[in-house]
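Peer 1: The structure under discussion is supplied below as structure tokens; questions concerning it will follow.
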Amino acid sequence: MERLAEYIASFARLLGEGSSVHFDRVKDGSVALLADVDEPAQPKVHDRVQALRTGSAPADAIKAYNELDEMLRRDNATGSLANGGNVVIPFPGKHRPTPVIFGPFKQEGTLDGQVYRIGGKDDSKHVHIRNAGREFTTLVADEALALSLRHHLFGGVLRFSGTGTWIRHGDGTWELKKFEIGHFEALDDAPLEEVLGRIRAVRAKGVQQLVDPVAQLLADRHSDESAA
């Protein structure tokens, strides 16, 4: 039933017009999902499906199509989208060539985010972060670093530096498989007005006469922090 629900959800995303597309029933025999589209939305759904055939569909429709086809491939099945018995879009599923994967590749880099979970029973602790609606759940840290991160749980945004392990899928998308944290630092979450105030303070000192205005601004910031 859970798998069927996944198919229904992806099918709904493929058709679009969520409030106007309704689940009808499951047809006898092989699993056949029947959808009923409200009349005012039928032209939009028709154009969306036709755009899938020509390769000009919106990104969310293409993503839904790929989700459905990938589920069929994993379930060793094939499928199709039909209208009145006529196949509109085929889903090759199990007959689709095995996707090419390149890698893994290792690269030094950084990730920014708020820590919302730290766990793991072994020496390597798993760290989950989120930032601007995205979540990264493949970060790992040693026990000492994880203990330090506990004080930042659900706190401000941190910048993690370390080594990422990436793979590249055949469609050109990259997937982060693992990110080994080397160290982290808290980012300045001061309000914009405060940051602008610092800039104005540097300018008031005669920014044209400073050899390195940015260095002066950073020095002023550290002085403020030390005073606090």
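The values are calculated or read from the model by the stated rules, or taken from the named source; none is laboratory data. Predicted model, so just to flag it, every value in this text is computed and none were measured. Cβ: placed from backbone, ideal geometry, glycine included. Neighbour counts: every protein chain shown.
Peer 1: Restricting to segment 39-64, name every residue that is over 25 Å from the mean Cα position of the chain (by Cα), among the polar types (S, T, N, Q) and over 16 Å from Phe11 (Cα atoms).
Peer 2: Selection gives Thr54 alone.
Peer 1: How many of the residues making up segment 91-117 are without any contact (Cβ under 8 Å) to a residue 40 or more places away in the chain and either hydroxyl-bearing (Ser, Thr, Tyr) or not in a helix (DSSP H, G or I) (or both)?
Peer 2: The initial filter retains those residues of segment 91-117 that are without any contact (Cβ under 8 Å) to a residue 40 or more places away in the chain, namely 91-98, 116-117.
Next, from what is left, pick out any that are either hydroxyl-bearing (Ser, Thr, Tyr) or not in a helix (DSSP H, G or I) (or both): 91-92, 96-98, 116-117.
Residues flagged as without any contact (Cβ under 8 Å) to a residue 40 or more places away in the chain and either hydroxyl-bearing (Ser, Thr, Tyr) or not in a helix (DSSP H, G or I) (or both) within segment 91-117 amount to 7.
Peer 1: Determine which single condition Val87 fails, assuming it passes every other condition in (1) assigned to a strand (DSSP E or B); (2) surrounded by 14 or more Cβ atoms within 10 Å (Cβ to Cβ).
Peer 2: All conditions are met except number (2).
Peer 1: Could I ask something else about it? Please go through segment 68-88 and pick out each residue that is more than 17 Å from Arg13 (Cα to Cα) and over 28 Å from the mean Cα position of the chain (by Cα).
Peer 2: Residues satisfying the conditions are Asn83, Gly84, Gly85, Asn86, Val87.
Peer 1: If you don't mind, another one. Given the options Arg130, Arg159, name the one that is of a type in the set (D, E, K, R), closer than 14 Å to Arg117 by Cα and either touching a Cys at 6+ places or on another chain (Cβ under 7 Å) or not assigned by TED's automatic domain parsing to the domain that holds Ile62 (or both).
Peer 2: Arg130
Peer 1: Mind listing just one residue for me: the one in segment 90-111 that is closer than 30 Å to Phe179 by Cβ and touching a Gly at 6+ places or on another chain (Cβ under 6 Å) and, of those, surrounded by the most Cβ atoms within 10 Å (Cβ to Cβ)?
Peer 2: Gly109
Peer 1: Spot the failing condition for Gly162; the list is (1) within 30 Å of Asn66 (Cβ to Cβ); (2) modelled with pLDDT of 95 or more; (3) surrounded by 16 or more Cβ atoms within 10 Å (Cβ to Cβ), and only one is missed.
Peer 2: So the condition that Gly162 fails would be (1).
Peer 1: Moving on to the next point. Please go through segment 153-182 and give me each residue that is free of Cβ contacts under 8 Å to residues at least 40 places away in the same chain and of a type in the set (S, T, N, Q), ordered by number.
Peer 2: The one that is free of Cβ contacts under 8 Å to residues at least 40 places away in the same chain and of a type in the set (S, T, N, Q): Thr173.
Peer 1: May I ask you to list the residues in segment 45-74 that are loosely packed, with under 14 Cβ neighbours inside 10 Å and part of a loop (DSSP other than H, G, I, E, B)?
Peer 2: Correct list: Gly55, Ser56, Pro58.
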